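Take a look at the structure set out below.
Every number here is computed from the coordinates shown, using simple stated rules; none is lab data. Just so it is clear, the model here is predicted, and its values are computed rather than measured. As a convention, Cβ positions derive from the backbone with ideal geometry for all residues, glycine included, and neighbour counts pool all protein chains shown.
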Amino acid sequence: MRWCCIWISNQGFAIAVAGYLLLRLEQKVDRLIDLVEKVIL
């Protein structure tokens, strides 16, 4: 295997993981905002 191919596949994996974590974080933030709105309103 060539190093460039390994590097690109590793980059793709890292981007996928980062995207997944960002998605999870957004969902948690949305829930937090809903909770805060319920408490305030």
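Where does helix 3-40 land angle-wise versus the long Cα axis of the chain, in degrees 0 to 90, nearest 10?
0 degrees
For Cα Rg over 2.2 N^0.38 Å, several values are listed as [x] 0.96; [y] 1.10; [z] 1.98; flag the one computed from this structure.
So the structure-derived entry is [z].
If you place +1 on the Cβ of every Lys and Arg, -1 on the Cβ of every Asp and Glu, and leave all else neutral, what size is the dipole of the chain about its Cα centre, to the nearest 20 Debye?
200 debye
Per-residue ellipticity at 222 nm for the chain, helices alone: DSSP H runs ≥ 4 residues times -39500 (n - 2.57), over residue total, nearest 500 deg cm²/dmol?
Value at 222 nm, helices only: -34000 deg cm²/dmol.
Between LEU22, ASN10, LEU35, whose Cα lies farthest towards the positive end of the dipole of the chain when Lys and Arg beta carbons carry +1 and Asp and Glu beta carbons carry -1, centred on the Cα centre?
ASN10
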